[in-house]
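A short write-up of the structure that comes next.
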Amino acid sequence: RRTEEANLMINGPDTKAELLQRLRPICRAISIAVLLNFALFIAGTIYLGGDALNGGERGGRYYLYGTHSRGPKVLREVSRGEFEYSKWHAWLTIISWPLAAASGLVLHFAKKRL
């Protein structure tokens, strides 16, 4: 078994099944990372009281839009660092979801073929 795995690592996969077998742990890791990132985005949005995608910058001041203290949705002024964190984390979350979907499809087809 070890020689088969070593041969696979050195020479690359010979069949689609071997390729799918090699991709499974990578796809699982991607899926877990995307779900963890999403959970951290939700936690950050709750902690900060909103997100930068719905907020904005006006006159050198930075605002997040969302609920604050369980009240109505409002613009909340934050530091530039908090705004940038929220903006980049939101975009990373949006961009990572198609990656998670592709990983899920690979896992689905790997399960069917193997």
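Bridging of Lys111 to lysines at a Cα separation below 17 Å is possible for Lys16, once same-chain residues fewer than 8 apart are set aside. In order along region 79-89, the phi-based Karplus estimate (6.51 cos²θ - 1.76 cosθ + 1.60, θ = phi - 60°) of 3J(HN,Hα) comes to 6, 4, x, 5, 5, 5, 4, 4, 4, 5, 5 Hz; Gly and Pro are listed as x.
Our coupling estimate for region 54-63, obtained by passing each phi through the Karplus curve with A = 6.51, B = -1.76, C = 1.60 and θ = phi - 60°, is 9, x, x, 10, 9, x, x, 10, 10, 10 Hz, Gly and Pro reported as x. If R0 equals 22 Å, the separation of the Cβ atoms of Arg58 and Glu84 corresponds to a calculated FRET efficiency of about 0.90.
In order along region 23-30, the Karplus-derived 3J(HN,Hα) couplings, from 6.51 cos²θ - 1.76 cosθ + 1.60 at θ = phi - 60°, round to 7, 3, x, 5, 5, 4, 4, 4 Hz, and Gly and Pro are given as x. I'd like the accessible area for His108: 1.4 Å probe, protein heavy atoms, all chains in place, Å² to the nearest 10. Taking all protein chains as shown, His108 has close to 90 Å². Taking label positions 7 Å along the Cα-Cβ direction at both Lys111 and Leu19, the computed distance is 2.2 nm, reported to one decimal.
The values are calculated or read from the model by the stated rules, or taken from the named source; none is laboratory data. Just so we're clear, the structure is a prediction, and the values are computed from it rather than from any experiment. As a convention, Cβ positions derive from the backbone with ideal geometry for all residues, glycine included, and neighbour counts pool all protein chains shown. Ligands, DNA and RNA are stripped out before the accessible areas are found, and what is left, the full protein with its side chains, is counted by its heavy atoms. Shrake-Rupley method; radii C 1.70, N 1.55, O 1.52, S 1.80 Å.
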